[in-house]
Structure formats: C-alpha cells, structure tokens
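In what follows, a structure is listed as structure tokens, so that the remarks can point back to it.
The values are calculated or read from the model by the stated rules, or taken from the named source; none is laboratory data. In this text, all values refer to a predicted model and were calculated from it rather than measured experimentally. Every residue, glycine as well, gets a Cβ built from its backbone with ideal geometry; the counts of neighbours run over all protein chains shown. Heavy atoms of the whole protein, side chains included, go into the accessibility calculation; ligands, DNA and RNA do not. Shrake-Rupley method; radii C 1.70, N 1.55, O 1.52, S 1.80 Å.
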Amino acid sequence: MELFVLLAALEKKAAAMLNKEGGLFLPSATMSNLVALMSHCKERGCEVIAGDSSHMFLFEQGGAAQMCTLPNKSNGTFDLDLMESKVRSGNDSLHEPITSLICVENTHNVCGGKVLPLDWLDE
C-alpha cells in the first residue's frame, strides 16, 4: 500500500510542477502509448493509421485497435495524400472500422531517429 501512496505523491508533484490538474504515472513507453491509443480508440471497431515502420505497429502488437499502415519514407514521414485516402468514417459500410487516430512518431526509431520536418507535421 505504501507504494501507491508514493506514486500518488509523485503524480501530484509532477502535476503541480507542470501546472496541470493531475498526473498519471506510467512505468513504460509501451504503457504510455497504449493509454494514449485507448483514450482515442474507446470502442470496438476503431482504426489507427500509422507508418509501417512505426514503433507502435512493429513492437507493441497494435494495442487496442486495428492498424492501417502506410509505407514510411526514409525520413519517417509518409504520403499525406495516401493517408487522407485511407481515412474511414464508417459511413461507407457498417462493416468497416472508423479511423479514430493517426499516429506519427517524432525521432522515428526504425528510420534512424530523425526528427520529423515541421512543415510536414503542419500539413
């Protein structure tokens, strides 16, 4: 029980330091990614669009949603027109997933740890 008290204190201190309402201690990046994914993909039938070299797709078993992958370029980006064509609203068919999240990875691991271009992120 003492550990939970310490973690609660850590969360409270971190929130205060960052001027936030609350904090949440997550002991691994995989757990952090899963919590982030689940906050956007809250129900069955959600789809995530991500690069085919993304850490979330390759090393985290897709988490809690269906993954639609796009070919990553060597700099970690992917084709934005292709991405837009892959977004599904669920209106075309009751049997299709709904695109609920698009994931991009800054300092993309498999593509050499490159920082994604700001102009690409803005697009």
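Worth a mention:
- Spin-label model, LEU6 to ASN75: label points 7 Å out along the Cα-to-beta-carbon direction sit 4.5 nm apart.
- Note on the chain: with neighbouring protein chains present and a 1.4 Å probe, carbon and sulfur make up 56 percent of its accessible heavy-atom surface.
- J(HN,Hα) series, the stretch 24-31, from Karplus relation 6.51 cos²θ - 1.76 cosθ + 1.60, nearest Hz, glycine and proline x: 9, 7, 10, x, 9, 5, 4, 5
- Cα-based reach from LYS73 at 26 Å (exclusive), listing lysines while leaving out same-chain residues under 8 positions away: LYS86, LYS114
- Dipole moment magnitude, nearest 20 debye, the chain about Cα centre, only Lys, Arg, Asp, Glu C-beta charged: 440
- Computed over the Cα atoms of the stretch 1-43, the ratio of the radius of gyration to the Kirkwood radius (Rg/Rh) comes to 1.05.
- Amide H contacts of PHE78 (H built 1.01 Å from N, in plane; Pro and chain starts excluded): LYS73 sit under 5 Å, all sequence-distant by 5 or more or on other chains.
- Modelled label positions at ASN19 and TRP120, each set 7 Å beyond Cα in the direction of Cβ, lie 3.3 nm from each other.
- Loop-resident trypsin sites (Lys or Arg not before Pro) (DSSP state other than H, G, I, E or B) in the stretch 63-114 with no more than 11 further Cβ atoms inside 10 Å of their Cβ are absent.
- Given charges at Cβ of Lys, Arg, Asp, Glu: the chain dipole, positive-most of SER39, VAL104, LEU82: SER39
- Charges were assigned to the Cβ only: +1 to each Lys and Arg, -1 to each Asp and Glu. The resulting dipole of the stretch 82-123 about its Cα centre is roughly 180 debye.
- Relative to the longest principal axis of the Cα atoms of the chain, the long axis of helix 2-17 makes an angle of roughly 70 degrees.
- Length-normalised contact order for the chain - Cα pairs under 8 Å, 6+ apart - percent: 22
- Database note for the chain: Cys without another Cys beta carbon under 4.7 angstrom, CYS68, CYS103, CYS111.
- Full extension of the chain between LYS86 and LYS42 gives 13.8 nm of extra length, using 0.36 nm per residue less the Cα-Cα distance.
- Cα pair distances in the chain, grouped into 10 Å bins until the bin that holds the longest one, percent each: 12, 33, 31, 19, 5, 0
- Other-chain or far-sequence residues with amide H under 5 Å of LEU70's (modelled H): ALA50, GLY51, ASP52
- Over the chain, DSSP H runs of length four or greater, each weighted -39,500 (n - 2.57), average out per residue to a 222 nm ellipticity of -10500 deg cm²/dmol.
- Which of PRO27, PHE4, SER93, positive extreme of dipole for the chain (C-beta unit charges): PHE4
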